Amino acid sequence: MVLSRSALRSLLALNVCLLWFAGCNHSTSTSETTTAKHEETGSGGDDTEAPQEKNDKPLEVHGPYYPTVVLKTSMGELTIKLDPQAAPRTVNNFLHYVENGLYNQTIFHQVDAGYVVLGGTYTAELVERPGRYPIPNEASNGRKNLRGTVAMSRQPDNIDSSTSQFFINLQDNPHLDHRGEAAEEYGYCVFGEVVEGDEVLEKIAAVAVEDKDNFQKLPVETVLIESAYRVR
């Protein structure tokens with residue numbers, strides 16, 4: 001879904017919005033919302049086929065272990081260190097999408113400079129790729145939405161509604177942290193952080209954006225995730 005800074009700050013942090021970190025007010029898609037900047041719309045019945053799924057076994061963690069994923073984008077590479085100790089189900093879910101190719105050839109469809117970058121669902125043609133079932137929200141894990149961290153988007157009124165959409169924080173966003181048990185206070189689960197490619201993230205944050213159809217702050221020049229792959 002698509003978010004707007006005013007909407008976001010009104011739904012989430014006491015008035016935190018939603019980051020349908022995925023083109024919210026979109027009439028042809030949206031199964032998740034992200035931090036608080038867009039409204040949810042019905043999921044569209046596009047004909048895009050989901051990538052063939054591989055083995056979906058839970059991630060077993062024995063001692064400190066941090067899987068690493070690279071997002072190769074049209075503006076450079078972002079290396080993300082995942083934290084299965086803090087968010088085992090969320091990390092397992094993210095790795096499932098990575099290993100089954102869902103993020104390949106998708107875009108960052110919302111860029112809000114000084115706030116967040118949202119992606120994980122739409123192709124360059126603005127067609128939504130269907131995700132699988134929603135996962136439990138692990139936002140109460142103690143991790144904060146600090147600059148450079150990666151978190152899951154969700155519907156603002158549904159705690160356990162995250163599927164494939166994720167966002168990268170461009171600043172510290174404490175209003176997106178877990179603060180209580182109500183949906184508007186539960187927060188957005190941080191499950192990793194960008195450890196390489198900060199200059200790439202800055203370039204993405206600086207792109208020109210526009211409101212197009214039901215997408216807000218859509219990059220004028222497509223920011224493509226060419227591929228996503230695990231390196232350890």
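The values are calculated or read from the model by the stated rules, or taken from the named source; none is laboratory data. From a predicted model like this one, the values you see are computed outputs, not experimental measurements. Glycine gets a Cβ as well: all are built from the backbone with ideal geometry, and neighbour counts include every protein chain shown. For accessibility, only protein heavy atoms count, side chains too; no ligands or nucleic acids. Shrake-Rupley method; radii C 1.70, N 1.55, O 1.52, S 1.80 Å.
For residue 126, the test of being assigned to a loop (DSSP other than H, G, I, E, B) and on the phi > 0 side of the Ramachandran plot is passed. In region 182-193, is there at least one residue being in a loop (DSSP other than H, G, I, E, B) and open to solvent by 10 Å² or more (accessible area, probe 1.4 Å)? Scanning region 182-193, I find at least one residue that is in a loop (DSSP other than H, G, I, E, B) and open to solvent by 10 Å² or more (accessible area, probe 1.4 Å), so the answer is yes. Only residues that are assigned to a helix (DSSP H, G or I) and out of contact with any Ser or Thr (no Cβ under 7 Å at 6 or more places or on another chain): list them for region 82-123, please. If the condition is that a residue be assigned to a helix (DSSP H, G or I) and out of contact with any Ser or Thr (no Cβ under 7 Å at 6 or more places or on another chain), then 88, 89, 90, 91, 92, 93, 94, 95, 96, 98, 99 are the ones that fit.
Residue pairs whose Cβ atoms lie under 9 Å apart, sitting 6 or more positions apart in sequence or on different chains, and linking a residue in region 212-232 that is at positive phi and assigned to a strand (DSSP E or B) to a partner that is surrounded by 19 or more Cβ atoms within 10 Å (Cβ to Cβ) and among the basic types (Lys, Arg), are 217/37.
Considering region 119-134, the residues that are among the small types (Gly, Ala, Ser) and open to solvent by less than 40 Å² (accessible area, probe 1.4 Å) include one that is farthest from residue 96 (Cα to Cα), namely 119. Within region 74-95, being under 15 Å from the mean Cα position of the chain (by Cα) and buried (at least 20 other Cβ atoms within 10 Å of the Cβ) holds for 78, 80, 82, 87, 90, 91, 92, 93, 94. Taking region 135-150 as the range and being in contact with a strand residue (DSSP E or B) (Cβ under 6 Å, 6 or more places away or on another chain) and in a loop (DSSP other than H, G, I, E, B) as the test, the residues that pass are 143, 145, 147, 148.
Each row is one residue, and each column tells you yes or no for (1) within 24 Å of residue 73 (Cβ to Cβ); (2) in contact with a Phe, Trp or Tyr (Cβ under 8 Å, 6 or more places away or on another chain); (3) surrounded by fewer than 17 Cβ atoms within 10 Å (Cβ to Cβ).
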| position | (1), (2), (3) |
| --- | --- |
| 146 | yes, no, yes |
| 171 | yes, yes, yes |
| 206 | yes, no, yes |
| 218 | yes, no, no |
| 223 | yes, yes, no |
